[in-house]
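Participant: Below is one structure. I have some questions about it.
The values are calculated or read from the model by the stated rules, or taken from the named source; none is laboratory data. Being a predicted model, the structure only gives us computed values, none of them experimental. Quick reminder, even Gly has a Cβ in these numbers, built from the backbone with ideal geometry, and neighbours come from all protein chains shown. The accessibility values were calculated without ligands, DNA or RNA, using every heavy atom of the protein model including side chains. Shrake-Rupley method; radii C 1.70, N 1.55, O 1.52, S 1.80 Å.
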Amino acid sequence: MTFAELGLAEPLLRAIEARGYTQPTPIQSAAIPAVLTGRDLMAAAQTGTGKTAGFTLPLLQRLHESGAGRSQRIRVLVLTPTRELAAQVGESVATYGAHLPFRSAVVFGGVKINPQISRLRRGVDILVATPGRLLDLAGQGEVNFSGLEVLVLDEADRMLDMGFIHDIRRIIKMLPEKRQNLLFSATFAPEIRELAGTFLHKPQEISVAPPNATAERVEQWVYPVDKKRKAALLLDLVVQNNWQQVLVFSRTKRGANQLAQYLEKAGVDAAAIHGNKSQGARTRALSGFKKGDLRVLVATDIAARGLDIAQLPQVVNVDLPNVPEDYVHRIGRTGRAGASGRAFSLVSADEIKQLEAIERLTQAHLPREYWDGFEPDHELPASKPLGRPRAAGEQPARDSRRTGERRGGQGKPRAGQREGAGRRRSRRRRNAAGGNARA
Ligand code: AMP
């Protein structure tokens, strides 16, 4: 299958070629023809699958085909949960639409509103927005949706997680009834289906990866370590492996700051990216990381969501997320678009519950490895049987997965369950190239 066979016009094919893509990804092969029919669409696809081009390309094609002249009215609205994702979608629209006359703009909070108002007044065909800022602009009468043809909800699952449901409903009420709706989400969880039911009309459903499958071609390891030694282990991994670009996940903003400071003090260029940082600081950190000026970017889950950093060789989870789906999102930052990647999780004894939830969700036993000099006082128990996989869309046991509470006595290795001393091998300088859980 080629992009030309998908029916895309020459100006788009030129832009795709310039971007260096030779073949559509599976989500693109499925979504492009679906969007071109004009029907509503519900697509299960994670970041890293090429989903952005999967909706941007056919939307540009549709605008191109309808050939309407310039007007002051917005024709396509893309809603995203985070500023970074909005900026990245905006960049994609600009890249793929380079040889077409359409005007696009990106609006999000945390930056001045006046330049965004001036931009909107000059006329925009495609608007990419985060919900809060869009409502502010709408409240000031600065957006005209009377000509809106298509609404895209990108990363709808994350929008719900972030509490945007009321904003989304308010925005949908402002739009013309007759329009095409596209919803992209990592999973079709029941709350996503419920939302879809309220505004999609007989949607076509596509799903390219089984929901909750871990990213393809990502090798994964668990490094058991005592909690207080995690920062030192991270530093040792970066230095001993001579990693030049590593994305590190921290569950908390404070933890992210502390880690970045610790690495900086040790002479490793690092920065933290999270919701309390100003937009300028976030943008600077991200571009420094992309350019190779920063070796380590420490991010919280929300800040990292949707970051488009091409082909990261490895990610490190300094702690495990309370929500197992976030693990899948985190490791989706590596091994993207055909490249293979590696994910390392530093796990302390109090995180066994989260680890088991992740193994159950991904239906994979994550191999435990030990890093010389960082063997924990409290070993992790061996993997439990994985149990029944959750059916697609089945509601997880929310209470237990969000609390991350400690299990009694889990710190003590249990007879017959522990990784025996004979299995302990030195991993230093091994560069983690051996057997693993390949998802
Ligand atoms: P996305 O899932 O939209 O965030 O895209 C993930 C990454 O895949 C981005 O870096 C894209 O530039 C890249 N990408 C998208 N489509 C293709 C393609 N057809 N071939 C190779 N890379 C692609």
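Participant: Report those helices (runs of 4 or more DSSP H) wholly inside the range 24-110 carrying at least 2 residues which are among the basic types (Lys, Arg). Walk me through how you get there before you give the answer.
Facilitator: On the way: elements: 26-36, 51-66, 83-96.
Correct list: 51-66.
Participant: Would you be able to tell me the number of residues in the range 351-368 that are surrounded by fewer than 20 Cβ atoms within 10 Å (Cβ to Cβ) and within 16 Å of Leu233 (Cβ to Cβ)?
Facilitator: 0
Participant: Something else now. Could we say that Ala53 is at pLDDT 90 or above and farther than 25 Å from Phe164 by Cα here? Steps first, answer last, please.
Facilitator: Values: at pLDDT 90 or above: yes; farther than 25 Å from Phe164 by Cα: no.
It is false that Ala53 is at pLDDT 90 or above and farther than 25 Å from Phe164 by Cα.
Participant: Away from the ligand (no atom under 16 Å from the Cβ) and touching an Asp or Glu at 6+ places or on another chain (Cβ under 9 Å) - does that describe any residue in the range 83-100?
Facilitator: Filtering the range 83-100 down to residues away from the ligand (no atom under 16 Å from the Cβ) leaves 99-100.
Remaining after also requiring touching an Asp or Glu at 6+ places or on another chain (Cβ under 9 Å): 99.
Yes; the residues of the range 83-100 include at least one that is away from the ligand (no atom under 16 Å from the Cβ) and touching an Asp or Glu at 6+ places or on another chain (Cβ under 9 Å).
Participant: Taking the stated definitions as given, is Lys173 farther than 27 Å from Asp377 by Cβ and in the same structural domain as Glu356 (by TED's automatic domain parsing)?
Facilitator: no
Participant: Between Gly54, Gly50, which is surrounded by fewer than 24 Cβ atoms within 10 Å (Cβ to Cβ), within 15 Å of the ligand (Cβ to nearest atom) and either in the same structural domain as Ile27 (by TED's automatic domain parsing) or aromatic (Phe, Trp, Tyr) (or both)? Even if it seems obvious, please write down each step before you answer.
Facilitator: Values: Gly54 fails: surrounded by fewer than 24 Cβ atoms within 10 Å (Cβ to Cβ).
Criteria check complete, one pass: Gly50.
Participant: Report, by residue number, each residue of the range 118-149 that is closer than 19 Å to Glu91 by Cβ, under 26 Å from the mean Cα position of the chain (by Cα) and of a type in the set (A, V, I, L, M).
Facilitator: Correct list: Ile126, Leu127, Val128, Ala129, Leu134.
Participant: Can you pull out every residue in the range 14-23 that is part of a helix (DSSP H, G or I), surrounded by fewer than 17 Cβ atoms within 10 Å (Cβ to Cβ) and within 13 Å of the ligand (Cβ to nearest atom)? Walk me through it before giving the result.
Facilitator: First, the residues of the range 14-23 that are part of a helix (DSSP H, G or I): 14-19.
Restricting the remaining residues to those that are surrounded by fewer than 17 Cβ atoms within 10 Å (Cβ to Cβ) gives 14, 17-19.
Across the range 14-23, the qualifying residues are Glu17, Ala18, Arg19.
Participant: Here is a follow-up. On the basis of being within 16 Å of the ligand (Cβ to nearest atom) and touching a helix residue (DSSP H, G or I) at 6+ places or on another chain (Cβ under 8 Å), does Leu41 make the cut? Steps first, please.
Facilitator: Numbers: within 16 Å of the ligand (Cβ to nearest atom): yes; touching a helix residue (DSSP H, G or I) at 6+ places or on another chain (Cβ under 8 Å): yes.
Judged against the criteria, Leu41 is a match.
Participant: Which residues, counting only those in the range 25-45, are open to solvent by 10 Å² or more (accessible area, probe 1.4 Å) and modelled with pLDDT under 90?
Facilitator: Result: Thr25, Pro26.
Participant: Shifting gears a bit: Using beta carbons and a limit of 7 Å, which pairs, at least six apart or on different chains, have the first residue in the range 18-29 and closer than 18 Å to Asp154 by Cβ and the second one of a type outside the set (A, V, I, L, M) and within 6 Å of the ligand (Cβ to nearest atom)?
Facilitator: If the second residue must be of a type outside the set (A, V, I, L, M) and within 6 Å of the ligand (Cβ to nearest atom), the pairs left are Thr25/Thr49; Thr25/Gly50; Ile27/Thr49; Ile27/Gly50; Ile27/Lys51; Gln28/Gly50.
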